[in-house]
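The values are calculated or read from the model by the stated rules, or taken from the named source; none is laboratory data. Keep in mind that this is a model prediction, so the values were computed, not measured. Note that we place each Cβ from the backbone using ideal geometry, even for glycine, and neighbour counts take in every protein chain shown. Heads up: the accessible areas ignore ligands, DNA and RNA and are worked out on the full protein's heavy atoms, side chains in. Shrake-Rupley method; radii C 1.70, N 1.55, O 1.52, S 1.80 Å.
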Amino acid sequence: MVDDLDMLRASIEAAIAEAADLRALDAVRVSALGKSGEVTGLLKTLGALPPEERRARGAQVNALKLEVERALDSRRTTLEAFALDAKLAAERMDVTLPPRPHPPTGPESGSIHPISRTMEELIALFGAMGFRVAEGPDIEGDWHNFSALNIPDHHPARQDHDTFYLTPPEPGGRRPVLRTHTSPVQIRTMLEEEPPIRVIVPGRTWRADHDATHSPMFHQVEGLVIGRDIHMGHLKGTLVDFLRAFFGIADLPVRFRSSYFPFTEPSMEVDIGWSRRTGELGQGGDWLEILGSGMVHPKVLANAGIDPKVWQGFAFGMGIERITMLKHGIPDLRPFYEADLRWLRHYATSPLSPFTLHDAA
Ligand code: 2NL
């Protein structure tokens, strides 16, 4: 009686040890413990035994069943670990490899629009100089877009800007506008934050103007730096470094020329050297206006809740389409907004192609 259980135990344990994978192990389990398995069969015979034999035999068969279950569990754990090791070995990859050469970049495979690319470069370049990005609404109030910037009610700038007003005029009414520049975002930043402040504001701007060189929607980037002793030296150093890095010309000539904006005093327009004849930047003896700048007007600081007796700073602004066209030799403004696949194939860039901050170093 005992012999037959020992032999069965030995044969099942041998089959478990030989099972090479989880499927084979499950087959062993079914043949031992399944509905018509060998151990299950022995349990079924107990009922036919006389009571005194049934007790002893029952204990032995149940012990066998437990041992078989334990052996199956232990082998399953081993086989699962083997399976995981095999899977990890088969799916091994080297995350330090460079990316595979990708198919030619184009709008079909996803590419970065030159406006987006320039914005990324601006954020990286000014980011390296300690600027962070500020954003604000496209729909602005008259106060944030004009009055706070020292542009009075009947100032010609309000007409010059060809403002998109969002409601019909009413006597004495203040109408919401599509922002004509990104300056209202700097006003909001000054109202919300304590100086020192160092932000750039890239974003969409709107003017009711449409021809070969003007689009009703275009992009600007403005910058604002406020501190206790920020002066024109900081303005000049920041803009010269920026222009040379952005255009990738280490000795790009840069000229500051006296100008006027209602929101800065003094104000300066900034020119870079180029050749009018060839369009090449950096040499040729001609000058090209590229951006506007100045020391923030004390009235603007006061309007934005900053004490002009304690704080001062500089601001600047430029058109993103304009600097993008100059950098890449793009002759016409209109295709920027036309989603023309041939134009995008030529001027859009791969998201994988890196740019460097040190081209002009
Ligand atoms: C240009 C000239 C400029 C500013 C923008 C600014 C903003 C605040 C206060 C003072 Cl909140 N100034 N912005 C200053 C000078 C010039 O832009 O030609 N933009 C395309």
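A few notes on this one:
- The lone exception for Ile230 - which of (1) of a type in the set (A, V, I, L, M, F, W, C); (2) in contact with an Asp or Glu (Cβ under 8 Å, 6 or more places away or on another chain); (3) open to solvent by 10 Å² or more (accessible area, probe 1.4 Å) it fails: (2)
- The single condition among (1) open to solvent by less than 20 Å² (accessible area, probe 1.4 Å); (2) within 16 Å of the ligand (Cβ to nearest atom) that Gly273 does not meet is (2).
- One residue alone among Gly41, Gly47, Gly37, Gly58 is open to solvent by 50 Å² or more (accessible area, probe 1.4 Å) and either small (Gly, Ala, Ser) or at pLDDT 95 or above (or both), and that residue is Gly47.
- Just one of the listed residues (Glu194, Glu120, Glu135, Glu170) is acidic (Asp, Glu), surrounded by fewer than 20 Cβ atoms within 10 Å (Cβ to Cβ) and not in a loop (DSSP other than H, G, I, E, B), and it is Glu120.
- On inspection, Phe246 qualifies as of a type in the set (Phe, Trp, Tyr) and touching an Asp or Glu at 6+ places or on another chain (Cβ under 7 Å).
- Among residues of region 293-319 that are open to solvent by 60 Å² or more (accessible area, probe 1.4 Å), those with a Cβ under 7 angstrom from a residue that is not hydrophobic (A, V, I, L, M, F, W, C), sequence gap 6+ or separate chain, pair up as Pro298/Pro308; Lys299/Asn150.
- Any hit, region 328-339, residues being closer than 30 Å to Ile187 by Cβ, open to solvent by 20 Å² or more (accessible area, probe 1.4 Å) and touching a helix residue (DSSP H, G or I) at 6+ places or on another chain (Cβ under 7 Å): no
- Pick from region 103-117, criterion under 22 Å from the mean Cα position of the chain (by Cα) and part of a loop (DSSP other than H, G, I, E, B), ranking: modelled with the highest pLDDT: His113
- The helices (runs of 4 or more DSSP H) falling completely within region 279-348 that include 3 or more residues that are closer than 18 Å to Val201 by Cβ and either in the same structural domain as Ala134 (by the TED database) or at pLDDT 95 or above (or both) map to 298-303, 320-328.
- Any chance Ser31 is open to solvent by 80 Å² or more (accessible area, probe 1.4 Å) and either more than 16 Å from Ser74 (Cα to Cα) or over 58 Å from the mean Cα position of the chain (by Cα) (or both): no
- On inspection, Val240 fails the criterion of being touching a strand residue (DSSP E or B) at 6+ places or on another chain (Cβ under 7 Å), within 12 Å of the ligand (Cβ to nearest atom) and assigned by the TED database to the domain that holds Arg322.
- Looking only at region 233-262, and only at residues there that are in a strand (DSSP E or B) and open to solvent by 40 Å² or more (accessible area, probe 1.4 Å), the one that is farthest from Pro308 (Cα to Cα): Arg255
- In region 66-102, the residue that is farthest from the chain's Cα centre (by Cα) out of those that are in a helix (DSSP H, G or I) and among the basic types (Lys, Arg) is Arg70.
- Tally of residues being open to solvent by 70 Å² or more (accessible area, probe 1.4 Å) and farther than 14 Å from Leu79 by Cα across region 7-28: 2
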